[in-house]
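S.K.: The structure that follows is given in the form of structure tokens.
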Amino acid sequence: MPLFFSPEEYAVVEAACAVLIPSDDDPGATEAGVADYIDALLGAFLVDPPRIWAGGPFSGRHGGDAGFTTFHRLTPLDELAWRTRIEGSRGLPEREFNGPVVGLQERYRDGLAAFGTDFASVDIKEQQARLRNATDFTALLYEHACEGMYGAPEYGGNRGLAGWRYIGYEGDVQPRGYSDAEVSSP
């Protein structure tokens, strides 16, 4: 169940990400749960504490406690900055000290509307054409798709470590660390 998107918007995001990072013999955006990552980012303030900064110091994937599963509370200044980035300024004076800000949520609503509610059901050539016709939004979507594909799975994407496995990245290896030879040689 999406946190921020409507089910229809979620289907459009998932389909668009599948075009940007397709599946073939290797996992793509769908397998990695990229749409879940984007939904969690845009809905970060719909949960308490907001899903902005995962805890630590260890993920638990290679020993140590699974600290990344707990999210930190934000300071008032951090919350203001992140709410402005995600929600936009919304005409609130405390968010418009540098002028009005169009937040990520509004950019996504507008971008998805431009793709059309039928985006997930049209053929790949039509999907690609719509992505090409919305270059600014497609660039934003691609940036977030990459974050969701290759970022830490605690933020909602990289399901089953699909992105990390695809690129041969071991992921966070703390508390093991690296030997002197591993960090000293090319």
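The values are calculated or read from the model by the stated rules, or taken from the named source; none is laboratory data. Computed from a predicted model, the values in this text were never measured in an experiment. A quick note on method: Cβ atoms are made from the backbone with ideal geometry, for glycine too, and the neighbour counts reach across all protein chains shown. Protein only, heavy atoms only, side chains kept; ligands, DNA and RNA dropped before computing areas. Shrake-Rupley method; radii C 1.70, N 1.55, O 1.52, S 1.80 Å.
S.K.: Whether any residue in the stretch 4-15 is in contact with a helix residue (DSSP H, G or I) (Cβ under 7 Å, 6 or more places away or on another chain), among the charged types (D, E, K, R) and open to solvent by 30 Å² or more (accessible area, probe 1.4 Å) is what I want to check.
M.R.: Within the stretch 4-15, one or more residues are in contact with a helix residue (DSSP H, G or I) (Cβ under 7 Å, 6 or more places away or on another chain), among the charged types (D, E, K, R) and open to solvent by 30 Å² or more (accessible area, probe 1.4 Å).
S.K.: Only one of these is assigned to a helix (DSSP H, G or I), closer than 23 Å to residue 13 by Cα and touching a residue at least 12 places away in the same chain (Cβ under 8 Å): 120, 113. Name it.
M.R.: 120
S.K.: Please enumerate the residues belonging to the stretch 1-38 that are in a loop (DSSP other than H, G, I, E, B) and within 24 Å of residue 50 (Cα to Cα).
M.R.: 1, 2, 3, 4, 5, 6, 33 - these are the residues of the stretch 1-38 that are in a loop (DSSP other than H, G, I, E, B) and within 24 Å of residue 50 (Cα to Cα).
S.K.: Scan the stretch 51-72 and tell me whether some residue there is in a helix (DSSP H, G or I), farther than 14 Å from residue 3 by Cβ, open to solvent by 30 Å² or more (accessible area, probe 1.4 Å) and among the acidic types (Asp, Glu).
M.R.: no
S.K.: Could you list all residues from the stretch 151-186 that are open to solvent by 80 Å² or more (accessible area, probe 1.4 Å) and under 30 Å from residue 110 (Cα atoms)?
M.R.: Once the filter is applied, which keeps residues that are open to solvent by 80 Å² or more (accessible area, probe 1.4 Å) and under 30 Å from residue 110 (Cα atoms), the stretch 151-186 yields only 159.
S.K.: Something else: I'm trying to understand the selection: among the residues of the stretch 123-145, which are small (Gly, Ala, Ser), surrounded by 13 or more Cβ atoms within 10 Å (Cβ to Cβ) and either without any contact (Cβ under 8 Å) to a residue 40 or more places away in the chain or not in a helix (DSSP H, G or I) (or both)?
M.R.: 134 - this is the single residue of the stretch 123-145 that is small (Gly, Ala, Ser), surrounded by 13 or more Cβ atoms within 10 Å (Cβ to Cβ) and either without any contact (Cβ under 8 Å) to a residue 40 or more places away in the chain or not in a helix (DSSP H, G or I) (or both).
S.K.: Something else: Can you tell me which of 171, 157, 177, 148 is modelled with pLDDT of 95 or more and assigned to a loop (DSSP other than H, G, I, E, B)?
M.R.: Exactly one residue qualifies, and that residue is 157.
S.K.: Still on this structure, please answer the following. From 22, 93, which residue is farther than 15 Å from residue 141 by Cα and surrounded by fewer than 14 Cβ atoms within 10 Å (Cβ to Cβ)?
M.R.: Every option except 93 fails the conditions.
S.K.: Another question, if that's okay. Of the residues 43, 63, 88, which is on the phi > 0 side of the Ramachandran plot and at pLDDT 95 or above?
M.R.: 88
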